[in-house]
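Structure record follows, encoded as structure tokens.
Please treat every number below as a calculation from the coordinates, not as lab data. Nothing here was measured: the structure is a model prediction, and the numbers come from that model. Don't worry about glycine lacking a Cβ; one is built from the backbone with ideal geometry, like all the others, and counts go over all protein chains shown.
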Amino acid sequence: MSRRLVAAAAQLGPIHRADSRASVVRRLVDLMRQAAGRGCELVVYPELALTTFFPRWLYDSQDEIDTWFEREMPGPETRPLFDEAKRLGIGFHLGYAELCEEDGRTRRFNTSILVGPDGDIVGKYRKIHLPGTAEPVPDAPFQHLEKRYFEVGNLGFPVWRTHGGILGMCICNDRRWPETFRVMGLKGVEMVVLGYNTPDFNIHVDEPKHLRMFHNHVTMQANAYQNGCWVVASAKAGFEDGFGLIGGSCIIAPTGEIAAVAMTEDDELVTCEVDFSLGDYIKRTVFNFEKHRRIEHYGIITEQTGAIASPDNE
Ligand code: CDV
């Protein structure tokens with residue numbers, strides 16, 4: 001099987017509160033057709049790709065919150081995307097808010113799926129590093145209430161042999177954490193696909209604006225290199241009902257270099273021919289885990305969550 005694949009990060013411009021699922025799915029289908037025209041075999045859509053970034057608001061009722069969630073995948077509104085993928089023979093990654101009945105109760109996750117070129121779901125991931133707060137931040141221009149609306153994902157960081165390589169998923173804030181990538185790196189991951197909604201303003205601290213994009217790229221570039229894997233990252237961008245989201249969708253090579261990057265803050269396809277084997281030399285040499293990792297010194301990483309300042313020499 002070929003170790004090459006043309007991948008696309010399908011960036012989405014703003015989705016406003018009033019936009020219907022049907023209108024968003026039409027945009028996704030349009031991007032998928034463009035991808036087919038460029039010979040793409042895998043299209044990566046953003047986090048929560050079917051709706052506006054709803055955790056920026058506090059809602060009065062659970063019924064209102066639940067209007068942002070999908071109860072089935074595919075459902076009647078998302079079916080056209082799956083049908084088009086099958087017709088074109090293209091796989092895709094899609095982020096959405098998932099409402100399910102599990103362990104005898106209703107549960108809500110920030111979820112992504114990987115769909116094969118036959119239109120069947122290959123794998124599912126549920127976001128683990130939920131950012132923001134459970135309670136509203138007083139006087140903030142908008143909220144980030146992921147900790148209120150979602151549970152922490154319970155599926156770990158699996159990888160799948162699909163599309164001719166070993167693929168894994170994470171979602172938005174997960175990309176900033178080395179642990180996310182190292183867990184998948186230890187499973188031999190060759191490509192991590194992810195979506196993100198990153199506000200262009202930090203509600204918690206006064207921070208220069210340019211750092212939003214710098215931190216977006218630098219974390220993914222470092223994690224790609226340190227694990228010898230590709231990263232295909234797709235943003236929601238532009239002003240949603242007046243609230244800015246950074247774009248910067250990109251495809252990052254295992255060398256840590258940005259191979260392709262978005263030029264706009266709108267719907268845009270960012271494509272690149274990916275050679276899954278490119279990371280092999282990194283995995284064989286500088287990041288040869290078997291040879292160089294010193295796990296006898298890493299225990300604290302899984303034993304302790306927060307930092308505790310140690311006395312000297314400890
Ligand atoms: N949707 C996100 O996870 N956003 C975070 C913001 C809040 C920092 C991110 O990592 O981009």
Nearest-0.05 FRET efficiency for ASN154 and ASP280, computed from C-beta distance (R0 30 Å): 0.40
Between region 209-240 and region 254-314, the Cα center-to-center distance that results, in Å: 12 Å
For the chain, with +1 on Lys and Arg beta carbons and -1 on Asp and Glu, the positive-most of GLN11, TRP230, LEU269 along the dipole: TRP230
The chain: relative contact order in percent, alpha carbon pairs under 8 Å with at least 6 residues between: 21 percent
Estimated FRET transfer efficiency (SER20, ASP120; beta-carbon r; R0 35 Å; 0.05): 0.85
Mean separation of Cα contacts under 8 Å (6+ apart) over length of region 73-140, as relative contact order %: 26 percent
Label point distance in nm, VAL29-HIS215, each placed 7 Å from Cα along Cα→Cβ: 3.9 nm
Where the Cα pairs of region 1-151 fall when distances are cut into 5 Å bins, in %: 2, 9, 17, 21, 19, 14, 9, 6, 3, 1, 0, 0
Fewest-first sequence of HIS144, HIS210 by Cβ atoms within 10 Å of each Cβ: HIS210, HIS144
Order of LEU31, LEU42 under a 10 Å beta carbon neighbour criterion, fewest first: LEU31, LEU42
Tally of Lys pairs whose C-alpha atoms are under 18 Å apart, taken over region 103-249, 8 or more apart or cross-chain: 4
Vicinal HN-Hα couplings computed from phi for region 164-175 (Karplus, 6.51 cos²θ - 1.76 cosθ + 1.60; Hz; Gly/Pro x): x, x, 10, 10, x, 10, 8, 10, 6, 3, 3, 5
Range of Cα positions in the chain per principal axis (Å), largest first: 55, 51, 44
FRET efficiency, ASP139 to LYS86 (Cβ-Cβ, R0 51 Å, nearest 0.05): 0.55
Order of THR52, THR285, THR305 - criterion: other Cβ atoms within 10 Å of each residue's Cβ, fewest first: THR305, THR285, THR52
Unit charges at the beta carbon, dipole of the chain: most positive-side option, ILE300, SER61, GLY185: GLY185
